[in-house]
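Written below as structure tokens is the structure these notes are about.
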Amino acid sequence: MDQVMIEITDLKKGFGDNAVLKGVNLRVRRGETVVVIGRSGCGKSVLLKHIIGLMKPDSGRIVVDGVEVTALAGEELIEFRKRFGMLFQSSALFDSLSVWENVGLGLLEHTDLDENEVRRIAREKLELVGLTQVEDLRPSELSGGMKKRVGLARAIAMDPPVVLYDEPTTGLDPIMADVINQLIRRLQTTLQVTSIAVTHDMNSAMKIGDRLAMLYGGRIVFEGTPEEVKATQDPVVRQFVEGRAEGPIPIYEG
Amino acid sequence: MNLAQYVGRSVGFSVAEVGAVFILLCSAARRIPKALKQKHLVVEQMLRIGVGSIPLVLVTSVFTGGVAAVQAAYQFQNYVPLRYLGSVIGKSVVIELGPVLTALVVGGRVGASIAAELGTMKVTEQIDALETLAIDPIRYLVTPRLIAGIIMLPVITIFSDFIAIMGGYVVALIGLGITSHVYFSSLKLFLDTLDVFSGLIKAIFFGIIIAMMGSHHGLRTEGGAEGVGLATTRAVVSSCLLVLITDYVLASLLFRGVFSR
């Protein structure tokens, strides 16, 4: 199982004069979970959005499962996205739909399953993330943590081979954060799901990641297993992992 | 920036904007066959655009018909016998007042709501989320609104025409002392099916304009609540302007070209 599933080569992206990604290189093997860590606003979400084709890079390429995402457009790109599930930082639930419709929308749109069947699968996925008896509620009736879990249930509803997590544990209490961490682990061990998670929650990163990659200054500056991260003397990584204000990473941005 | 630069930039921006709307319209139109397979999405939009607009259009139309009667009677003084009132009201309502006022009122209401809804979805990443579920946002969001606009605007216009003519009738009967028989026979005397038809053709175009302006500005929303407000304003202003401009163009084409004998 050493096959490369996601390969990002020299990815560059800027917004106006602000270069966010300055040449990102990253490889993710099939069935592996890589956690991209880095400060808020360093371009982690932008990186995820490129992988699923929501953003187009200025240069560089991304190959997922042998298909060059950066070269796809229109119908092909839409079709290609069926291989992905994505959890958004803000959950991004559809507020005009009920919880079960949110979770089952992909199934309702892409399969011939009838409503009862989709509802059953949605309930099953919701149970996986620790939610019961919420399927008829509206997203506006849920707490932030519940929204996040519904978002996660939606991301895995179609059993995609690749799942992208944007801050999976932000806004959750420590216990629920651990439930989500375990769930992400379980998806990886039982279903061999390939995942990329971006987070600044080091606790979560250490628990879910097979490997961690630190994004700093628009590039991946460090890659390694959680043990290697703990052991490294790299001052940038140390400062981030230990959460210190003093160090080589500037506090002021602009 | 000097005046020439300013004008140049504005013109360039407008041309780009028109191009973007046109591309969106073509993309949405191409997806009509697919969108028709998901009737529930279309029906939901038809109810929102159509049924939801009935109270507003009802009030607007009653008073439009009423004021048409009062104004026509004033202008007829000493020149035209009042028995022709019905045909003047009928013609002006079905050709012009019905379709245009309906489009302006519905454009304000529906254009704003489409822009606000899609705009909120855009800034809260719901559009991105749709795409990650391999759902085409144009097919899922824009095309059902386009179809609903094309179908419902003519339907509401017929309703508005009827109500406005009845509004005129009430004023004629009570305020001007014209009998039912005189009003309705005059209405029938000059009212042509082509007149009604031309009004409905206009309504179809207005339906396209309202759906597209709401969708275009909604999908282009950026930057939170302020952006949603801006998109809503732009959708309403641009759809009202385009309705009036298109009305003139269609009137010229239909009445100086196709229907003139």
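Points to keep in mind about this one:
- If R0 is 22 Å, the Cβ-Cβ spacing of residue A:238 and residue A:40 corresponds to a FRET efficiency of close to 0.70.
- Highest-MSF residue in chain B out of B:11, B:42, B:59 [GNM, Cα springs under 10 Å]: B:11
- Ellipsoid semi-axes in whole angstrom, largest first, where each is sqrt(5λ) of the Cα gyration tensor of region A:4-242: 29, 21, 16
- Between the beta carbons of residue A:192 and residue B:34, assuming R0 = 45 Å, the FRET efficiency works out to 0.85 to the nearest 0.05.
- Calculated SAXS-style log₁₀ I(q)/I(0) at q = 0.11, 0.13, 0.15 Å⁻¹ - region B:3-258, Debye, Cα scatterers: -0.66, -0.84, -1.02
- Compactness of region B:50-118 is given as radius of gyration and Dmax, 15.4, 55 Å, from Cα positions.
- Using the Stokes-Einstein relation with a Kirkwood hydrodynamic radius computed over Cα pairs, the translational diffusion coefficient of the protein assembly as shown at 4 °C and a viscosity of 1.567 mPa s comes to 49 µm²/s.
- A 1.4 Å probe run over the protein chains yields, for chain B, 49 Å² of accessible area per residue, whole-number rounding.
- Coupling constants for region B:41-50 follow from the phi torsions by the Karplus curve (6.51 cos²θ - 1.76 cosθ + 1.60, θ = phi - 60°), and in residue order they are 5, 5, 4, 4, 5, 5, 5, 5, 6, x Hz; glycine and proline get x.
- Overall, the accessible surface of the protein assembly as shown at a probe of 1.4 angstrom is composed of carbon and sulfur to the extent of 61 percent.
- Solvent-accessible area per residue in region A:4-242 equals 41 Å², computed with a 1.4 angstrom probe and all protein chains kept.
- Sites matching GluC sites (Glu not before Pro) across region A:207-254 that sit in DSSP coil, with at most 16 neighbouring C-beta atoms within 10 Å: A:246, A:253
- Pairing chain A with chain B buries about 1800 Å² of accessible area. This figure sums both sides and uses a 1.4 Å probe.
- Computed over the Cα atoms of region A:1-112, the ratio of the radius of gyration to the Kirkwood radius (Rg/Rh) comes to 0.99.
- Residues of region A:51-71 buried by at least 40 Å² on assembly (accessible area, 1.4 Å probe, chain alone as reference): A:54
The values are calculated or read from the model by the stated rules, or taken from the named source; none is laboratory data. Predicted model only: the values in this text are computed from it and were never measured. Neighbour counts run over all protein chains shown; Cβ positions are idealised from the backbone, glycine included. Side chains are part of the model used for accessible areas, which takes the heavy atoms of the whole protein and leaves out ligands, DNA and RNA. Shrake-Rupley method; radii C 1.70, N 1.55, O 1.52, S 1.80 Å.
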